Each structure stands twice: as structure tokens, then as C-alpha cells.
Amino acid sequence: METQVIIPDIDPISVPAPIWLLKILLLLTFTLHILAMNVAVGGGLIAAVTEFLGKKNNSQNHFELSRSISKMLPPFTAFTITLGVAPLLFLQVLYGNFFYTSTILIAWPWLSIIVIFILAYYGYYLYSFRWEKLEGKRFVVVLISALLLAVIGLIYTQNIVLMLTPEKWKEIYFNNPHGTSLNLSDPTVIPRYLHFMVAALAVAGLVVIMWGIKKIKINESLGKWGIRYGILWFIVPTLLNIIIGLWFLISLPKNFIMLFMGENIYATVYFMIALLAMFVSLILMFVALNSAKPLAKIIIGKVFLLLTIVMMVLMRHELREAYLQPYLNWDKVQVEPQWGVITIFIILLLAGIVTVIWMLKKSFGQKSNVDPVELS
Ligand code: HEM
């Protein structure tokens, strides 16, 4: 088949802000979206395993933790969605002609996200509100909900990769013009997706560590157990993610691998910092595991993990620009900044973030209402 790549024209309406600013906002809001997603998906999976272990070993510690996670899952699912809307808008403004086309090609799986999401969200509410009543069914309810959310992530990855590969669009469309295609045959999709999901477990592990730190004040043995358990949830997935990350890297076309090996100075520097920061956070968590006073190591470890995530987001951005480079011409894009609207957006975004932090402090910053005596 003759290779013919047709890219829809850029939207004739001028872009309302400088391209650099839109890219920064895209990356910033995407990072926030992914952090919330990590707690919603990773937290759900950890809760499922914790329910299972709690039942198997008849362990109150496990149940105390899963009860606390159950309260976090509905709000963090809501944060994932609301923090997803902002990058969706910036993605459409910047890369709309690529993103809309790939979305149409996988239209039905894409639209199914709404149904999958409602079922998963309902499950999380059920798990949270009926925690006591569900008893033996808790494991199944939270596992199914978390897996459903994880399926949404898989649909996202397929679309985000498909928008980067316009040379595949024609073949996909003529093989199946009904919008029921998937993009699983792309060798980068599965490792890229697993890289996100396994990282979600590690980040949710940090939330468990924070939970342990909070509990230590009212129940020392429970708190210490929580910290150790959370550290293990951080360390094991992170070690696994080194292998998956490598798999993702070598699954990329060779010219893109070279970007991170010196060909693109930004991509290479981000990659080096990410690797270094990841190893530092891993070492700190390993040391914290056997430390009598682990707090400082954990806090510094968290800062390095955040740095790793930010670097990975930047690497992902460089990769996207490289994929689309043959088709993108930013000079052609008409820019007419609407500074008033942008200022309002930034003020509201900051106010939103402050409100969410305040809400989280109010909801999860209080002392546990469970009597420590119950936790033998
Ligand atoms: C709760 C279920 C969701 C999960 C598990 C999830 C997960 C993910 C993952 C893993 C990615 C990265 C894909 C990749 O680069 O390979 C992603 C990207 C993205 N998500 Fe979500 N997502 C969810 C819901 C949403 C919703 C409801 C929205 C919008 C309202 C949204 C907006 C976005 C956007 C715009 C991107 C791409 C940003 C970019 O490429 O720069 N997500 N999501």
C-alpha cells in the first residue's frame, strides 16, 4: 500500500496563548492528573491486595489500612477526572489535529471510557460507604473497580500513541472504518502503559507511608507497620519499573532511543536526572526500611521521586515532539494571546490547587477515630 500521510489542517482559530505557555500548562496539569490517577488506581490495587492479606492472615493492621484507603479512593478518582480536563483542553489546542483523528479511529473504545468510569466510580463508592457491610466481598469490589480504572488508562495510552503515528491512520481506517479499532499492535503501547501503572503502585505506596507516619502518633506498632508496608509498596514496583522502563525504551524506534542517548540534549539531561533521582529515592527508602528514625529519609526520598516524575513527564514531551516533528510546524500556528482569560485561568488553577490541599488536610489530616485498643 502506498504510504500517504494526511494530517488535518490546524484549527483556523488563533491559539489564545503563546505556544510555550500552553505547553507548560499542559505538562503541569498532566503531572497533577497523573499524581491523582496514581492514588486512585495504585491505591485501589493496594487496597485489594491488603484486603486479601488481611483476610488470609486475619490481620487488623491490614484492615485498618484498607479502611483508610477506601475513604481516599472516591475523592482521588474525582481529582483524576477534574485534573484530566485541563490537559485535555491544552492537548486539543496544541495537537488537536492529531488527537481528534486518533480518537475517531478508536471512537468506540474511547467512548466506552464513560461507561467503564461510571462502573468503577460506583464500585469505589460502594467500597467506601459499605466497607463494613461488604465484609468478604470487599476484595472483589475494590479489585474490579481498580482494574476498570486501569483499563481506562490502557485506552488513553493507545490513543496518545496513535496520535503520534499518523502513518498508521490510513491503514487502520481502511481495515476498519467503524471506529472499533484498538492500537495494541504498536510495540510501545504495552510497556508504556505498564510503566504508568506500576509507577502508580509506587506512588500509592508513598501515600501508605504517609498514613503510617500519621498513625504512629496514636498507635506506634500500627504506624511502624504502615511505614514498612508502604516502603515495600514503593520499592518493589520501582525495581520492577526499571525493567519495564528499559523495555519501553528499547520498544521505541531506534531514532527515538538515540534522543535520550545524547542526540537531543534536553531529552538526555532529563533522562540522566530522572535515573539519578530514582536511584537516590530508592536508596533512601531502602535505608528508611531498617531505620529507627526514618522520617527525614522518607521526606527526601519523596522529593526525589517527585523530581523523577517531573523529568519523566518532560522526557515524554520531548518524545512526542520528536514523533510529530515531520508534521508539526509551530511557526504556521497563529497566536493571538488573550491575556485576560489566561490570567483568570491561572488564578483559578492556583485557587483550585490550594482548595484541594485544604480539603485533603481537612479530610485526612484528622486523628483516626478508631480506638487503638481495638488494634491488637
Ligand atoms: C480515571 C481514569 C483515568 C486513568 C486511569 C487515566 C490514566 C492516564 C494515563 C496512564 C495517561 C498517559 C497515557 C500515555 O501517555 O501513554 C493519561 C493521559 C491523559 N489523560 Fe488520563 N486517565 C483517566 C481519566 C482521564 C479523564 C477523565 C481525562 C479527561 C477528562 C483524562 C485526561 C488525560 C489527558 C488529556 C491525557 C494526555 C495528556 C498528554 O498527552 O499530554 N484522563 N491518563
Requiring at least 1 residues that are touching a Pro at 6+ places or on another chain (Cβ under 6 Å) and either of a type in the set (A, V, I, L, M, F, W, C) or surrounded by 15 or more Cβ atoms within 10 Å (Cβ to Cβ) (or both), the helices (runs of 4 or more DSSP H) wholly within region 58-152 are 60-105, 107-129
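Yes/no per residue for (1) on the phi < 0 side of the Ramachandran plot; (2) among the β-branched types (Val, Ile, Thr); (3) in contact (Cβ under 8 Å) with a residue 24 or more places away in the chain:
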{"site": "Lys71", "(1), (2), (3)": "yes, no, yes"}
{"site": "Pro87", "(1), (2), (3)": "yes, no, yes"}
{"site": "Phe90", "(1), (2), (3)": "yes, no, yes"}
{"site": "Phe99", "(1), (2), (3)": "yes, no, yes"}
{"site": "Ile113", "(1), (2), (3)": "yes, yes, yes"}
{"site": "Phe117", "(1), (2), (3)": "yes, no, yes"}
{"site": "Glu135", "(1), (2), (3)": "no, no, no"}
{"site": "Phe139", "(1), (2), (3)": "yes, no, yes"}
Considering only region 210-233, I want to know if a residue exists there that is within 30 Å of Ile104 (Cβ to Cβ) and among the small types (Gly, Ala, Ser). no
Read through the list (1) open to solvent by less than 30 Å² (accessible area, probe 1.4 Å); (2) among the aliphatic types (A, V, I, L, M); (3) not in a helix (DSSP H, G or I), then give the number of the only condition that Ile13 fails. (1)
Applying the selection to region 16-37, what residues are open to solvent by 70 Å² or more (accessible area, probe 1.4 Å) and over 19 Å from Asn97 (Cα atoms)? Ile24, Leu28
Those residues of region 338-364 which are open to solvent by less than 60 Å² (accessible area, probe 1.4 Å) and either in contact with an Asp or Glu (Cβ under 8 Å, 6 or more places away or on another chain) or modelled with pLDDT of 95 or more (or both) amount to Gly340, Ala351
Residue hits (region 40-57; within 16 Å of the ligand (Cβ to nearest atom) and open to solvent by less than 10 Å² (accessible area, probe 1.4 Å)) are Ala40, Val41, Gly42, Gly43, Gly44, Ile46, Ala47, Ala48
Going through Ile190, Ile213 one at a time, which residue ends up being in a helix (DSSP H, G or I), within 27 Å of Phe256 (Cβ to Cβ) and open to solvent by 10 Å² or more (accessible area, probe 1.4 Å)? Ile190
Would region 200-209 turn up any residue that is away from the ligand (no atom under 16 Å from the Cβ) and free of Cβ contacts under 8 Å to residues at least 12 places away in the same chain? no
Which count do you get for residues in region 230-252 that are open to solvent by 30 Å² or more (accessible area, probe 1.4 Å) and either in contact (Cβ under 8 Å) with a residue 60 or more places away in the chain or closer than 17 Å to Ala288 by Cα (or both)? 5
Residues (open to solvent by 10 Å² or more (accessible area, probe 1.4 Å), within 16 Å of the ligand (Cβ to nearest atom) and of a type in the set (A, V, I, L, M)) located in region 156-185: Ile160, Leu182, Leu184
Restricting attention to region 97-148, which residues are in contact with a helix residue (DSSP H, G or I) (Cβ under 7 Å, 6 or more places away or on another chain), within 30 Å of Trp169 (Cβ to Cβ) and of a type in the set (A, V, I, L, M)? Leu105, Ile106, Ile113, Ile116, Ala120, Leu148
Tell me, yes or no, whether region 98-106 has at least one residue that is near the ligand (Cβ under 10 Å from one of its atoms), within 28 Å of Ile10 (Cβ to Cβ), out of contact with any Ser or Thr (no Cβ under 6 Å at 6 or more places or on another chain) and at pLDDT 95 or above. yes
Name the pairs: first residue in region 3-17 and more than 19 Å from Lys170 (Cα to Cα), second residue in a loop (DSSP other than H, G, I, E, B) and open to solvent by less than 70 Å² (accessible area, probe 1.4 Å), Cβ to Cβ under 6 Å, at least 6 apart or on different chains? Val15/Val333; Ala17/Pro337
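The values are calculated or read from the model by the stated rules, or taken from the named source; none is laboratory data. Just so we're clear, the structure is a prediction, and the values are computed from it rather than from any experiment. Positions of Cβ are backbone-derived with ideal geometry, glycine not excepted, and every protein chain shown enters the neighbour counts. These area figures cover heavy atoms from the full protein model, side chains too; ligands, DNA and RNA do not enter into them. Shrake-Rupley method; radii C 1.70, N 1.55, O 1.52, S 1.80 Å.
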